Amino acid sequence: MVNRLVEKLEEVDKKLDIWIKAGSRRPHTHTTEDGSLPKKMLPQCIFCHGQHTANSCSVYTTSEARWARLGVLNACRHCGSVHHLPSKCSKRARKCWTCGDAHLSAMCVSTNTAAHVAESSTSVYTAQSSMSNASTTTHH
């Protein structure tokens, strides 16, 4: 058994030597059609497939809509992938930034409910109105 282990280590050592001498680096898996590297990897929303993060999705704005969309896509609640079940996800230990539960932060009921989204919109509108009123007030 020790001899097999030593042989295997020698094989790995030879491959590493060849790899190092050739100056090879691990090949990039993300390339453009012409084979070059993209300037920047753009995020892709798991809900609407737009070029923004899932947290910034303006199509599926509430937690309820996002959970429903995940169900329609039959996607993993931990990472959003449609290629495996949640029980097989390598990111099962990932926790929500807001509540600490095992789901994507973009799915969180605590921050993405219809009431919370409406409240946020109202407070932004109120803040913008206050700012515009303050800027139109003349000082004598």
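Read-outs throughout are calculated quantities, based only on the coordinates presented, and are distinct from any laboratory measurement. Not measured: the values here are computed from a predicted model.
A few comments on the model shown:
- Amide H partners (placed H, <5 Å) of His84, local residues excluded: Cys76
- Per-residue Karplus couplings for the range 67-76, computed as 6.51 cos²θ - 1.76 cosθ + 1.60 with θ equal to phi - 60°, are listed in order as 5, 4, 5, 4, x, 4, 6, 6, 9, 5 Hz, Gly and Pro entered as x.
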